[in-house]
Every structure is written in structure tokens, then in C-alpha cells.
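No value in this document is a laboratory result; all are computed from the given coordinates. In this text, all values refer to a predicted model and were calculated from it rather than measured experimentally. Quick reminder, even Gly has a Cβ in these numbers, built from the backbone with ideal geometry, and neighbours come from all protein chains shown.
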Amino acid sequence: MRNSIKLLLATTLLAVSLTGVVSSAQAKQAKDRKAYFLLGDPRPGSKFKQKLFRSDVPFDKSYSELTPTLKERVKTPYGGLKDSEHPPFPVEGTEVIYRPLYKANLELKKEGDVLAIAMISPTGKVENVTVYKAPTPNIATMLSYIITNTEFDPATCDGKPCQMEYLFENKIETKPNWAR
């Protein structure tokens, strides 16, 4: 009985220590990730361009222009895509969604998380958009409109164009943000 308790305790401690190793490795990987910013005009009286949005991939690149590492970042939320598969992606990069979203929010000046999922056809057409989170109904409507009017490279499944969801998730901020 005593040996089985010791074995259980040793196994638990090993599991906890391994979890710590994985967690610290994941933390280091996240820290080493380069952040990309969509820059706007300087605020009045400043020379520094505002950081409008942050992303793990450049805003001005199409999927085909991304490095293999950046392509993996795009694929990560989709979980389990093969090497011959990739998710849909805006033809001209994500800036075609982010910049109009920022401009549309200039008058509303609302902050908060945005989350939308669009179904993209095998031809790259947006079939529908569902906005799950937005600071206001007006921002949800604007985001849906912007994504619906975006041209996409379709997803590929086993090397062939296929229907797949496109995930759009970020945070809208309106406060000065050159220090982020």
C-alpha cells in the first residue's frame, strides 16, 4: 500500500514537472513570436504612427507570400490541417478587412473584442458571415459587410480548392497605443 502511494506521488510529481516544462517552452515560443502591427496616421501633435491592430502575421501579405512559419501560424487555429491543406485567406492580405473596420469605427469610437466566422466557397466567394462578438451591433454589421465584400483565396483540402470557414478575431482599441 505504501509503495503504491509513493508510486502515485512520484507519477504526479513527474506529470506536474513535465507540464511546467511544456508550459515554459510554450511561453518562450510565444515570447519569441514577432508581432506585426497595422499602422495608422499619427495622432495630432505627434510624429508617431498609431498601432491600430496587432497580429501574428503581416497584414499586407497574401497566403502565398507568407513564410512556412507564418503559414503555420495561420493554420494553427484550424487544428490538424495536413501539409497539403490550408485555410481560406484574403487575396490581398488581412489589411483589406482591418483598415476599413478601423475607419468605420472612427466615429463610433467603441472598443472590444471582435469574432466572426465566414464560410468561404471553393471559388473564394464568401457564402455567409456570422459575427459572434463585437462591441456594438453597428460594428458587427460593418464587420459582416467588410468580410462579405472581401476576395479570398479558397482553402485547399488534399491540394484541391474546398469550402472552409475563415476565422477573424482581434480587438478594436481607440486609445493611444504607440506604447504597446
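Here are some notes:
- Qualifying chymotrypsin sites (Phe, Trp or Tyr not before Pro) in segment 50-111, DSSP loop, other Cβ atoms within 10 Å at most 13: none
- Built amide H within the under 5 Å cut-off of GLU92, gap 5+: none
- If you model segment 45-172 as an ellipsoid using its alpha carbon gyration tensor, with each semi-axis the square root of five times an eigenvalue, the axes come out at 26, 17, 12 Å, biggest first.
- Across the cross-link table entries LYS34/LYS109; LYS110/LYS171; LYS51/LYS110, which are compared at the Cα atoms, the separations over 21 Å belong to LYS34/LYS109.
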